[in-house]
Structure formats: structure tokens, C-alpha cells
Amino acid sequence: MTELFAGNVEVQYGQAYIELDGKFNGFMDDCFLGQKNGLCGAQMPAILFLMTGLHTGVVGITINLFDADPGFEKSWEEIVEVSFQAPRGEITLMEWAADRGVGMAVPVGFYRARYQGRAMQAANELDTNINDTPVDSYRLDLWPAPPAPDRIIKQTSTIAAYWHDWASSLPMSQKS
């Protein structure tokens, strides 16, 4: 395992991103079209769209790269998976509306991403965290894998259910 990032990230509107190949176009819906899960959007080739429970403030996040599926710890309250392609040999963690982020080297190829959250509901009820200590924390585990449909592995909070319901209600593709 290689730890690519471990630290705090500032979120607004409960959003952070992993840029894969270019900039986010600003259309949140496009990232989740045809997905079941509403926490990690992977339908745009440019980004992974990460939802948090907290609306505004600091959240904790760890990003790990594995050689194979690492499995998951049952202590995580929210767990979803998506597939994505890393076409450039680098991915970039971006805060909401940031010009620059944290670059992380990954081999070019197809990956599975497991996005896991803890204390998402408590953070959502708080809404805004003015402290330097995160209420909610997240882990993004990445490993090489062929593309597969997204899936919800575990959902315990009302806010995660809200986002899953929202994503499931979107059309399968963009309307022309």
C-alpha cells in the first residue's frame, strides 16, 4: 500500500474532487448520470466527484493506492465503489473552486475506487465546521481493476441515502 495523501481538505457545498484529465466542467449531475451511488461520481472522464456530509469547513481524507482490492473495514459507515481511468499518470485532489490541488502519481490505467465515510450524518447536522478538527472523515482506496458498475456497499446515514436517491433519479445519460 502507498499512502498518497492524508490530511484535511476544505469543502464547500459538501464537495471535493479528484481531477483525472482536465478541469471539472461545473455540472454536478453529469458526474452521477446512470449511477446508483450519490457519494462518488465517476461518469465524467475528467474527475471523481466526492460528496461529504459537512457543507462547509474542514474534513479529513486519506487516499491510498493498492496493488489489489484491499477489502474494507466494517467500521466505515458509508461505502461505495466506482471505476475510473487515470490517463495521465497523475491524479489531483482539489478543494471546491480551487485553482491548484495536491498531485499524486499513479500508473496510467483503469482503477476501482472505494470511497468510505465516517460521521457523515453528524457533520451534515453541524453543517459548518469552523474548527480545525474534522467531524467527518473519508478514505479513498484505489487499485487497478477493469471497469465495473458502481455499487453501494454500505449506507447508514440519512444524508447518504438522500444522495443515493438523488443519483438514482437522474437520467441514464445527458439529454441533447
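Only the coordinates and a few stated rules stand behind these numbers; no lab work does. Since we're looking at a predicted model, the values are computed, not measured. For neighbour counting, all protein chains shown are included, and Cβ atoms are generated from backbone atoms with ideal geometry for every residue, glycine included.
Odds and ends about this structure:
- Distance between modelled label sites at Trp143 and Gln85, nm, 7 Å Cα→Cβ extension: 2.3 nm
- Ranked Leu48, Leu20, criterion: other C-beta atoms within 10 Å, fewest first: Leu20, Leu48
- Here's how it looks for Trp143: its modeled amide H is under 5 Å from those of Phe66, Arg112, which are all 5 or more places away or on a different chain.
- In loop segments of the stretch 1-31 as defined by DSSP, the chymotrypsin sites (Phe, Trp or Tyr not before Pro) with at most 13 further C-beta atoms inside 10 Å of their C-beta are Tyr13, Phe27.
- For GluC sites (Glu not before Pro), the sites in the stretch 72-173 that DSSP calls loop and that have at most 10 other Cβ atoms within 10 Å are Glu73.
- Here is the list for the stretch 89-176: trypsin sites (Lys or Arg not before Pro) lying in DSSP coil, each with at most 12 other C-beta atoms within 10 angstrom of its C-beta, are Arg100, Lys175.
- Ranked for footprinting exposure by Cβ neighbours inside 10 Å, fewest first, His55, His164 give His55, His164.
- In the set [x] 1.15; [y] 1.30; [z] 0.94, the label that goes with Cα Rg over 2.2 N^0.38 Å computed for this structure is [z].
- Karplus 3J(HN,Hα) series, Hz, for the stretch 33-50 with 6.51 cos²θ - 1.76 cosθ + 1.60 (x for Gly, Pro): 4, x, 8, 8, 8, x, 9, 9, x, 10, 8, 9, x, 7, 8, 9, 9, 9
- Were the residues from Ser75 through Val108 laid out at 0.36 nm apart, the gain over their Cα-Cα distance would be 8.8 nm.
- Taking 0.36 nm per residue of separation and subtracting the current Cα-Cα distance, fully stretching the chain between Ala68 and Asp127 would add 17.7 nm.
- Rounded to 5, percent antiparallel among DSSP beta bridges of the stretch 23-158: 80 percent
- Annotation: the residues Cys40, Cys31, sorted from fewest to most other C-beta atoms within 10 Å of their own C-beta, follow the order Cys31, Cys40.
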